[in-house]
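Scroll down for the structure; my scribbles are underneath it.
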Amino acid sequence: MVRAAASIYLEDYARQIRPHLPRTESSRWLLAAAAILARVPQRPSRQIIAPVNSRIAKPDLARRLRDGGSRKARTAGALAHLLLAGCASAPLDRAGTLQSYDNLTTSNGLVTQSRLRVDEPVIRAAKTVQIVPTAFGAGTTGVPLTVEQRRLVANAVDRALCAGLSERFQVVGPTQPADLTVRAVVTHVTPTDPVAVGASRGAAIAKTILLPGIPVPVPRIPIGMGSLSLEAEARDLAGHQRAAMIWARGAGVLGGSGRMSVEGDAYGLASDFGSDFSKLLVTGSTPFGKLPSFPSAHGIRTSFGGAPSSPACEAFGRSPGVAGFMGGALGLPPGWTDKGAPAAPAP
């Protein structure tokens, strides 16, 4: 029954997103994969029937169910410990960039730390939003990133924010009034060690040669992994803070081999932050502690380089799409596939 329901759901989802995807080979491949997955035949499941009149079978069945549940709990706990232990640390400190730090509450994800607040009625009533370009705070002056690398990371934040906020808001340009004004500041960056990433890439390649066809994941070497911390807030027309978030996250050993550039992890984490903060504003509640959901048709279209629903988002450029996915899989520096924001027109 569960598999049948999942098949119906996937087929319906594929039909819904079809009109919104760009007409590329990659999008057609995605739809074909979803259709194939939805039509995998269901295996007959065994039913365990406990004898109704047996006084011996009932305690035995209860014990097996209890032991199975405890084993699953221990496995989940071990996995969570592995994820947390295999992540680079990122500070969740106040950097002084927010208008107020009052009433911030802890709301952490599995690998993300955050403190946040949101004025839900005001946020839900808002219709338009303006995005102030992300900046690097004073605490990042000693980080060995070039101007171009900083620009690429900051633009990744803005692009993800704009794509996420467009799910519900109308994003307007800098000269237009908006119900909310969003501003984010990078407060901490730990650079990525390209040599360590190269070693991880080498281990992954060696696995494919020595163990071909065996699906054994190769964790990233937990050395030289980057991290990112940001502060962001949304203010209303009167300049009052209506939502705020302090966010910190480090790269993990199970998140791929990384990119061979000093800004590699920060670039990927920038998009994660933009997604989290935009969800806070779109839903009016914390983005953490919830079950994962399928991306929307708009999210899929923009991730494949399609046009965002708000024209103002074009100021941050489009996602590199398939080229970006392939570049990330190969560990290439972000700048090789992401051209960043388009140049401003000459006056």
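The values are calculated or read from the model by the stated rules, or taken from the named source; none is laboratory data. Predicted model only: the values in this text are computed from it and were never measured. Here the Cβ is made from the backbone with ideal geometry for all residues, glycine too, and neighbour counts use every protein chain on show.
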- request: Identify the residue in segment 169-213 that is at pLDDT below 95 and among the charged types (D, E, K, R) and, among all such residues, is nearest to G327 (Cα to Cα).
  value: R201
- prompt: Restricting attention to segment 290-318, and to residues there that are part of a helix (DSSP H, G or I) and of a type outside the set (A, V, I, L, M, F, W, C), which single residue is surrounded by the most Cβ atoms within 10 Å (Cβ to Cβ)?
  reply: T302
- line: Residues of segment 134-172 being within 30 Å of F294 (Cβ to Cβ), small (G, A, S) and out of contact with any His (no Cβ under 9 Å at 6 or more places or on another chain), in sequence order, are A154, A156, A160, G164
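Inspect segment 156-163 for any residue being surrounded by 22 or more Cβ atoms within 10 Å (Cβ to Cβ) and not hydrophobic (A, V, I, L, M, F, W, C) and give the result as yes or no.
Yes.
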- line: Counting only residues that are crowded, with 16+ Cβ neighbours inside 10 Å and either over 17 Å from P333 (Cβ atoms) or β-branched (V, I, T) (or both), segment 184-203 contains a total of 9
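Which one of P333, P287 is under 16 Å from the mean Cα position of the chain (by Cα) and surrounded by 13 or more Cβ atoms within 10 Å (Cβ to Cβ)? Give the steps one after another, and end with the answer.
On the way: P333 fails: under 16 Å from the mean Cα position of the chain (by Cα).
Being under 16 Å from the mean Cα position of the chain (by Cα) and surrounded by 13 or more Cβ atoms within 10 Å (Cβ to Cβ) holds for just one of P333, P287, which is P287.
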statement: Those residues of segment 219-263 that are of a type in the set (A, V, I, L, M, F, W, C) and surrounded by fewer than 19 Cβ atoms within 10 Å (Cβ to Cβ) come to a total of 4
message: If I ask for residues that are in contact with a Lys or Arg (Cβ under 9 Å, 6 or more places away or on another chain) and either at negative phi or of a type outside the set (G, A, S) (or both), which ones from segment 291-308 would you list?
response: A297, T302, G306, A307, P308
- prompt: Only one residue in L110, L145 is in a loop (DSSP other than H, G, I, E, B) and either over 18 Å from W247 (Cβ atoms) or among the acidic types (D, E) (or both). Which one?
  reply: L145
task: State yes or no: is R124 at pLDDT below 95, among the basic types (K, R) and over 20 Å from the mean Cα position of the chain (by Cα)?
output: no
Residue match in segment 197-215 (condition: assigned by TED's automatic domain parsing to the domain that holds F294, farther than 26 Å from G109 by Cβ and in contact with a Gly (Cβ under 6 Å, 6 or more places away or on another chain)): yes
